[in-house]
Every structure is written in structure tokens, then in C-alpha cells.
Amino acid sequence: MSPVDFVAIGHVTLDQTPRGTRPGGAAYYTAMTAHRLGLRVGLLTSFGPDFPREAIPAGIEVVSVPAERTTTFRIGQGRLGTAGRTRELAVLARAADLEAVALPEAWQDATLGALAPVTGEVDPGFAAAFPETSLVALPQGWMRQRGKGGILAPQPWEDADVVLPRVQALVVSHEDVEPFEKDALEWFQQVPVGAVTRGADGAVLFVNGERYGVEPDVAVEKDATGAGDVFAAALLVAYNRDGNAWDAAAVAACCAAASVEAEGVAGVPDRAGLESRLAAYRRRLGI
């Protein structure tokens, strides 16, 4: 394995949507975002022979723990909440668990990394496997339990105390934290930077526990799947480049907005596209 700049850890998935089945998963979206932004990327995952390997660009190094089947989700409409209708997720198949022993030694010195479980597959001990890496945690997959018919329901994040002391950033969606708002406020006190993504309503940024609003970029939404994962990867990359959480949040908002304007990862921008969009965003807001 060659050294990389960014490591994404979590299952790639097959997402069954009303528009067809396509690759997905938080690790997939974070890896693709870092790749499009010009970083050398490693992806530690697990998938079966049913996953379209060509969906991962040759420029992304992949280590896959063998599995008979790829983690597969059925995505449908769920309940109507305070921020609109939620998604109903059902797990139809699940690949292998990911343990820290599978991490290539050459990747342990990566500058950046994303812990991105979708169904509890990432060992929380990964947070200690990167001595010098700036990590972002996307804990949604640790906050889901599988019920009847594979339908996922919220559950408390039991290993937060293991992960949070070792990460630089935490990104969750408003759907993730709606049942656990009190806990979430405590989580954001423990990390330098955090965010709650709110779709078309932008995001809430936390800097050393202090709360700030993040304006959304203007977008014509076609597919919002993975936008929060794109936001998280862009936030981590920009924050570690300039050390300014507010500028990093603007970058992340623009990157996520671009991603929703096409299906799957097709809308994730490259560096030039992101810079152009960011310039227009700053002009519109006068910042």
C-alpha cells in the first residue's frame, strides 16, 4: 500500500432507491469528495462480488475485507418531522465488520481520515489507530439499530466516549440527533469543530462548543443522498488547510450544495468547480 492523504473507513453500499440501485455509503461519499478535491485517498471497506468495482475510481486505493454480499439499503420515505419528511432505511444485506487490524500500516500516517459507519460496522477502536491523523467522525451508523424487516431506528451512541477524545471534528444530520439533542450538545463540547447538517436550511456550526449558523448555498436539488457526508469531508479538508472553521463551513456548504444537483456522486465538485461556487457564495452573502 502507498501512503495516502485521506483515509475513509466504512462500508460502501448498494442503495435501492425509487430511481434505481446505485453505489453509496458515507465512506464512499467522503472518499469521492476527497478524491475530487485532489487528495490521495485510501478506502478501507467491505463489499461482495455484487458491488460494481468500477464505481470507485482507479485513483482511490481500496482495501476490502472479503464478504459474500455488499451492504444493501432500501431507501424510502419515512415520517414527517420538523424539517420535512425523513427517509426510511432498511438493511437488506450486510458486509463484514471492519477491525483496526485491517488498516494498512502505510495509511496510519495519513493527514486526514473519516470514520464513516453506516450500520455499526466500524470498530470504535479505529479512533486510536491514527496517532497523528485529523479525524472526522460521522456517527450515524453507530446510532442505528436494525428492527423488524431490517428497518433502522435510532439508538444512543454508546461509544461516544471512546471516539470523541480522539477526533478533530464531528458531523451529524438533524435526523441523527433529533432524538438525542441533549447528548449531542455534550458531544460538541468535546471536539474542536462540529456541525449539524440541515439540508436546504444549511447547517449549525460548533467551534469549541459555541454555536453558529451556516447559510446554505443556492442549489436546485435533484438528489440529497450523501450531502452530509460530502459536507463532512469538505469541512475536514478545508479546516486543516487554513485552520478557520467558519471559512471551512462555507466551503463545506458549497461542496454539499453542488453534490445535490446530480444523482449519486456525479455532482461532487472538483477543486476548480468548488472555488467558483465558493466565490459566488461569498459574493451573495457579502463575506
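Once you order the gyration tensor axes a ≥ b ≥ c over the Cα atoms, which shape class does the stretch 146-287 get: rounded for a/c under 1.5, otherwise prolate or oblate by comparing a/b with b/c? Taking the square roots of the gyration eigenvalues as a ≥ b ≥ c, the stretch 146-287 is oblate.
Rolling a 1.4 Å probe over the protein heavy atoms gives the stretch 120-272 an accessible area of 43 Å² per residue.
When only Cα pairs under 8 Å and 6 or more residues apart are kept, what is the percent relative contact order across the chain?
It rounds to 15 percent for the chain.
Computed from the alpha carbon positions, the gyration tensor of the chain leads to an equivalent ellipsoid with semi-axes of 25, 22, 20 Å, biggest first.
Lys and Arg at +1, Asp and Glu at -1: add these up for the other residues within a Cβ distance under 11 Å of residue 39 and post the number.
Around residue 39, the surrounding residues sum to +3.
Counting only DSSP H runs of at least 4 residues, each contributing -39500 (n - 2.57), and dividing by the residue count of the chain, the helix-based mean residue ellipticity at 222 nm comes to -7500 deg cm²/dmol.
Ignoring ligands, DNA and RNA, what percent of the accessible area of the chain is carbon or sulfur (1.4 Å)? For the chain, the apolar C and S fraction of the accessible surface comes to 48 percent.
Here the simple spin-label model places points 7 Å from the Cα toward Cβ, and for residue 275 and residue 148 these points are separated by 5.6 nm. Per the Debye calculation on the stretch 89-217 with a single equal scatterer at every Cα and no solvent contribution, log₁₀ I(q)/I(0) for q = 0.10, 0.11, 0.13 Å⁻¹ amounts to -0.34, -0.41, -0.57.
Give, as a single signed number, the net charge of other residues whose beta carbon lies under 12 Å from the beta carbon of residue 9, with Lys and Arg counted +1 and Asp and Glu -1.
Net charge in that neighbourhood comes out at -4.
Checking every one of the trypsin sites (Lys or Arg not before Pro) in the stretch 208-287 against DSSP loop status and a limit of 15 other Cβ atoms within 10 Å picks out 222.
Its alpha carbons considered, the stretch 244-287 gives a radius of gyration followed by a Dmax of 10.4, 31 Å.
Any idea which of 150, 170, 180 is furthest toward the positive side of the dipole for the stretch 102-184, if Lys and Arg beta-carbons carry +1 and Asp and Glu beta-carbons -1? Looking along the dipole axis, the top candidate is 150.
The residues of the stretch 1-67 expose on average 35 square angstrom of accessible surface per residue, using a 1.4 Å probe on protein heavy atoms. In a DSSP loop and with at most 13 other Cβ atoms within 10 Å, the GluC sites (Glu not before Pro) in the stretch 196-287 are 221. Between the alpha-carbon centres of the stretch 221-253 and the stretch 1-71 there is a gap of 19 Å.
Three principal axis extents of the stretch 1-116 based on alpha-carbon atoms, in descending order, are 45, 32, 25 Å. In the stretch 8-36, whose amide N lies under 18 Å from the spot 7 Å out along Cα-to-Cβ of residue 263? List them in ranges. Flagged as within label range: 13-25, 29.
The values are calculated or read from the model by the stated rules, or taken from the named source; none is laboratory data. Keep in mind the model is a prediction, meaning the values are calculated, not measured. Virtual Cβ from ideal backbone geometry, glycine too; neighbours counted across all protein chains shown. The protein model used for the area step is the full one, side chains on, heavy atoms only, and it has no ligands, DNA or RNA in it. Shrake-Rupley method; radii C 1.70, N 1.55, O 1.52, S 1.80 Å.
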